[in-house]
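One structure is given below, encoded as structure tokens.
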Amino acid sequence: MKNKNIISSIVGASFFAVGYLGLSLALPPALLMGVASFAASELIVSGGTKIVEEKKELSFKERIEVSRKNNKHIKEMINKIESSEVQKNLEEINKSTTKIIDFIEKNGLKNKTSNKFLDYYLPVCVKIIDGYDEIENQKLTSHDSKKFMEDGQRIIKDTDKSFKKILNSLYQSDIANAEAEMKVYNAILKSDGYDESILESGDEDE
């Protein structure tokens, strides 16, 4: 069962690499292509006898718990990966993911980005990392394996950048609200006579 999952993970990661690096697709569609190929590979590897079960609809709390487990797995993989560069990327991915999950848990699923992160981006990221680790451990020297390793390193590095962008996008609304509140606050201070010139001169009401 483990070997089947590894094969499926590698297939999914390979299709992701083809879409993202070969066809220059954006990260979201490339990840979706990877997920689809992973599912298809699961059926093929099992000899076509595997029945696709109806996906259980998880509650918000359950989805958060699953995401935290996935993030914990990423952290555990850091010391298992030999490449120091990939280790650093995984450390950053783990930090960004922690903040993203904390934000989503606190604020709920405000937009499509939150849903996609929990259901697609993070799970596929974990599968790609596992596939990369498996190939790295095999010490293969073929051209295809070397190319896969190079593509895997590039994808993990780009995932780090993408997760940071996702984190920034989630906080944009909060930043906008905070800026609006500061402007209102500043306007009230000025209307009450506490404008910049008074504050700089140090004048106060007697």
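The values are calculated or read from the model by the stated rules, or taken from the named source; none is laboratory data. Because the structure is a prediction, the values reported are computed rather than measured. Note that we place each Cβ from the backbone using ideal geometry, even for glycine, and neighbour counts take in every protein chain shown.
Residues of segment 71-94 being closer than 21 Å to residue 138 by Cα, in a helix (DSSP H, G or I) and of a type outside the set (A, V, I, L, M, F, W, C), which ones?
73, 76, 84, 85, 87
Yes/no matrix, rows are residues, columns are (1) of a type outside the set (Lys, Arg); (2) free of Cβ contacts under 8 Å to residues at least 12 places away in the same chain; (3) assigned to a helix (DSSP H, G or I):
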residue: 114; (1), (2), (3): yes, no, yes
residue: 117; (1), (2), (3): yes, no, yes
residue: 123; (1), (2), (3): yes, no, yes
residue: 129; (1), (2), (3): yes, no, yes
residue: 135; (1), (2), (3): yes, no, yes
residue: 147; (1), (2), (3): no, yes, yes
residue: 153; (1), (2), (3): yes, no, yes
residue: 157; (1), (2), (3): no, no, yes
residue: 164; (1), (2), (3): no, no, yes
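Considering only residues that are among the charged types (D, E, K, R) and over 22 Å from residue 68 (Cα atoms), which ones fall in segment 117-157?
Answer for segment 117-157, where residues must be among the charged types (D, E, K, R) and over 22 Å from residue 68 (Cα atoms): 134, 136, 139, 144, 146, 147, 150, 151, 154.
Evaluate segment 186-198: report whether one residue or more is in a loop (DSSP other than H, G, I, E, B), at pLDDT below 85 and of a type in the set (Asp, Glu).
yes
So is residue 160 at pLDDT 90 or above, closer than 16 Å to residue 64 by Cβ, under 14 Å from the mean Cα position of the chain (by Cα) and not hydroxyl-bearing (Ser, Thr, Tyr) or not?
no
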